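J.: Got a structure for you, questions after.
The values are calculated or read from the model by the stated rules, or taken from the named source; none is laboratory data. Note that the structure is predicted; figures quoted are calculated from it, not measured. Here the Cβ is made from the backbone with ideal geometry for all residues, glycine too, and neighbour counts use every protein chain on show. When the accessible area is computed, the model is the full protein with side chains, heavy atoms only, and any ligands, DNA or RNA have been set aside. Shrake-Rupley method; radii C 1.70, N 1.55, O 1.52, S 1.80 Å.
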Amino acid sequence: MAMSGMYRAEVPQYGTLLELVGDINRSTLEDDVALRKELLQTGELDRIDVERHGAIRLGTERELATMRRIFKVMGMHPVGYYDLSVAGVPVHATAFRPIEDTALRFNPFRVFTSLLRLELIENEELREEARQLLVGREIFTPMALSLLAQAEKEGGLHCGDADQFIAEVTKTFSWHSEATVSSSTYQKLLGAHRLIADVVCFKGPHINHLTPRTLDIDAAQLEMPRRGIKAKDLIEGPPRRRCPILLRQTSFKALVEAIAFKGDSDAGTHTARFGEIEQRGVALTRKGRALYDQLLAKVRSMDGSGNTATDYESRLQAVFSDFPDDYQTLHTEELAFFRYAIVDEEAFAAATRGNNNFNLKVLIKKKIVGIQPIIYEDFLPVSAAGIFQSNLGGNEQKDYVADSAQGGFEQALQAPVLDEFVIYEKSRQLSLDSLKFQFEKTKSLSI
């Protein structure tokens with residue numbers, strides 16, 4: 001909430017985006033009673049209007065390790081490893097977020113946190129200059145570091161200290177209009193990659209975007225230009241479906257902002273910060289993700305013609321017709337993760353009498369037990385890279401040799417990244433165990 005307030009003050013257009021999303025969500029819930037009921041049953045309704053993620057870009061291993069410690073105080077842990085070099089972006093990343101179901105219902109916010117890969121800067125002299133600039137900066141306030149040490153020593157913070165901790169940490173993500181380098185150095189780093197300049201040339205890792213969740217991203221995409229917001233051409237991710245999967249995201253183009261250079265009287269401009277919208281669907285199993293990746297690769301390998309955006313969307317829609325678009329099939333074919341809930345208590349009690357065998361398939365088939373989609377809480381690396389590229393400005397596309405460096409990233413993080421599939425499976429299993437417990441309890445009462 002603190003970060004949202006700060007970002008709205010710094011980027012007024014983001015406030016307009018929040019209003020737009022709020023209007024569309026209210027309209028969608030009024031028009032779709034079934035969706036409202038589903039969101040209410042799954043506990044999603046109360047967190048619809050909460051921003052779902054932000055993104056920051058860090059420059060050093062020390063910054064990443066300290067950021068992990070800070071997020072840990074807030075109950076957020078590194079989930080997933082994302083190598084964006086395959087998409088021409090010289091960073092790798094993780095997402096800090098809550099991992100327990102109860103925590104996610106209370107706090108769905110996550111921060112996509114990238115670490116610059118200096119080794120991908122080809123020019124050795126420029127690489128060393130960038131390293132020296134990063135080593136010499138401190139992105140956290142002394143008070144933030146002091147309260148962090150206190151939290152780690154005492155196992156948490158009392159209310160007053162917690163409020164101050166949030167205020168101090170928020171300063172790390174604020175915008176700085178004064179570059180820490182000269183105009184000539186900025187231009188050299190910009191020439192290597194726009195993102196490199198964004199990470200290296202400023203006092204800290206200004207939050208580069210925040211993201212509210214919409215229930216109809218296609219409507220949001222159409223509405224943005226009507227409210228004076230310049231939207232990117234394409235919605236990233238899978239096509240529009242009856243049963244959404246993973247996530248889809250779009251954004252407005254990054255702002256061109258005035259900056260001052262160190263030792264120069266002439267002002268310049270920098271392009272980095274934007275506003276994003278996301279629509280989330282059910283989390284896919286490894287099998288489902290493999291099918292998704294296979295179909296997406298097929299779309300990207302096809303030759304397009306005519307209008308780029310329209311042509312791509314039509315190809316996407318056609319190819320993804322091979323991905324089942326109803327929850328029952330997604331569950332039966334084990335393509336997505338679901339929780340379970342009793343929908344007919346009397347029928348459930350009757351089904352347990354004289355029945356020693358718990359049969360989930362039968363209970364679902366008889367509509368005694370219902371399936372509820374587990375919402376995807378993570379990111380798509382290709383999708384994130386697409387957002388990065390489309391918002392950095394310019395038409396550059398760097399080609400880096402695909403070189404996943406998860407081991408080095410985890411070493412810098414000073415912790416392993418968690419496997420998102422394991423987290424979703426745990427949620428599914430907890431729900432199944434609860435259902436089995438209820439089955440045994442009901443059976444014992446009926447004896």
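J.: May I ask you to list the residues in the stretch 132-166 that are among the basic types (Lys, Arg) and either open to solvent by less than 40 Å² (accessible area, probe 1.4 Å) or under 28 Å from the mean Cα position of the chain (by Cα) (or both)?
T.: 137
J.: In addition: Exactly one condition in (1) more than 27 Å from residue 62 (Cβ to Cβ); (2) open to solvent by less than 60 Å² (accessible area, probe 1.4 Å); (3) modelled with pLDDT of 95 or more is not met by residue 377; state its number.
T.: (3)
J.: Still on this structure: Can we say residue 60 is of a type outside the set (A, V, I, L, M), under 24 Å from residue 194 (Cα atoms), in contact (Cβ under 8 Å) with a residue 60 or more places away in the chain and open to solvent by less than 10 Å² (accessible area, probe 1.4 Å)?
T.: Answer is no for this residue.
J.: Taking the conditions exactly as written (open to solvent by less than 10 Å² (accessible area, probe 1.4 Å) and not polar (S, T, N, Q)), does residue 200 satisfy them or not?
T.: yes
J.: In the stretch 251-274, which residues are surrounded by 15 or more Cβ atoms within 10 Å (Cβ to Cβ), over 17 Å from residue 182 (Cα atoms) and aliphatic (A, V, I, L, M)?
T.: Of everything in the stretch 251-274, those that are surrounded by 15 or more Cβ atoms within 10 Å (Cβ to Cβ), over 17 Å from residue 182 (Cα atoms) and aliphatic (A, V, I, L, M) turn out to be 254, 255, 272.
J.: With respect to the numbered conditions (1) assigned to a loop (DSSP other than H, G, I, E, B); (2) of a type in the set (A, V, I, L, M, F, W, C); (3) under 24 Å from residue 87 (Cα atoms), which one is the sole condition not fulfilled by residue 199?
T.: Of (1) assigned to a loop (DSSP other than H, G, I, E, B); (2) of a type in the set (A, V, I, L, M, F, W, C); (3) under 24 Å from residue 87 (Cα atoms), only one is false for residue 199: (1).
J.: Here's something else I'd like to know. Go through the stretch 240-250 and give me each residue that's open to solvent by 10 Å² or more (accessible area, probe 1.4 Å) and in a loop (DSSP other than H, G, I, E, B).
T.: 240, 241, 242, 243, 244
J.: Take the residues in the stretch 309-346 that are among the aliphatic types (A, V, I, L, M) and either part of a strand (DSSP E or B) or out of contact with any Pro (no Cβ under 7 Å at 6 or more places or on another chain) (or both), then tell me which one is most open to solvent (accessible area, probe 1.4 Å).
T.: In this case the residue turns out to be 343.
J.: Hey, another quick one. Within the stretch 217-234, take every residue that is in contact with a strand residue (DSSP E or B) (Cβ under 7 Å, 6 or more places away or on another chain) and in contact (Cβ under 8 Å) with a residue 60 or more places away in the chain and give me the one that is farthest from residue 310 (Cα to Cα).
T.: Checking each candidate, the answer is 229.
J.: Write out, first by first residue and then by second, each pair whose Cβ atoms fall under 6 Å of each other, whose residues are 6+ apart or on separate chains, and whose first residue, in the stretch 423-434, is within 11 Å of residue 338 (Cβ to Cβ) while the second is assigned to a helix (DSSP H, G or I).
T.: Every condition considered, the pairs that remain are 427/101.
J.: In the stretch 46-64, which residues are assigned to a helix (DSSP H, G or I) and either of a type outside the set (A, V, I, L, M) or over 26 Å from residue 274 (Cα atoms) (or both)?
T.: Of everything in the stretch 46-64, those that are assigned to a helix (DSSP H, G or I) and either of a type outside the set (A, V, I, L, M) or over 26 Å from residue 274 (Cα atoms) (or both) turn out to be 46, 47, 61, 62, 63.
J.: Quick one: would you say residue 237 is free of Cβ contacts under 8 Å to residues at least 60 places away in the same chain and surrounded by 15 or more Cβ atoms within 10 Å (Cβ to Cβ)?
T.: No; evaluated as a whole, the condition is false for this residue.
J.: Of these, 383, 427, which one is under 30 Å from residue 94 (Cα atoms), of a type in the set (Gly, Ala, Ser) and modelled with pLDDT of 95 or more?
T.: Answer to the selection: 427.
J.: Looking at the stretch 93-115 only, could you name the residues that are modelled with pLDDT of 90 or more, in contact with a strand residue (DSSP E or B) (Cβ under 8 Å, 6 or more places away or on another chain) and open to solvent by 20 Å² or more (accessible area, probe 1.4 Å)?
T.: 99, the sole residue that qualifies.
J.: Is it true that residue 417 is surrounded by fewer than 17 Cβ atoms within 10 Å (Cβ to Cβ), under 22 Å from the mean Cα position of the chain (by Cα) and at pLDDT 90 or above?
T.: No: the conditions fail for residue 417.
J.: To continue, here is another question. May I ask you to list the residues in the stretch 72-99 that are of a type in the set (D, E, K, R) and in a strand (DSSP E or B)?
T.: Result: 83, 97.
J.: Is one or more of the residues making up the stretch 206-229 out of contact with any helix residue (DSSP H, G or I) (no Cβ under 9 Å at 6 or more places or on another chain), crowded, with 18+ Cβ neighbours inside 10 Å and at pLDDT below 90?
T.: Taking every residue of the stretch 206-229 in turn, at least one turns out to be out of contact with any helix residue (DSSP H, G or I) (no Cβ under 9 Å at 6 or more places or on another chain), crowded, with 18+ Cβ neighbours inside 10 Å and at pLDDT below 90.
Per-residue answers, yes or no, for (1) closer than 17 Å to residue 95 by Cβ; (2) touching a strand residue (DSSP E or B) at 6+ places or on another chain (Cβ under 8 Å):
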site	(1), (2)
42	no, yes
54	yes, yes
59	no, yes
64	yes, yes
69	yes, no
72	yes, no
75	yes, no
79	yes, yes
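J.: Among the residues of the stretch 20-37, is any more than 22 Å from residue 115 (Cβ to Cβ), open to solvent by less than 10 Å² (accessible area, probe 1.4 Å) and assigned to a loop (DSSP other than H, G, I, E, B)?
T.: no
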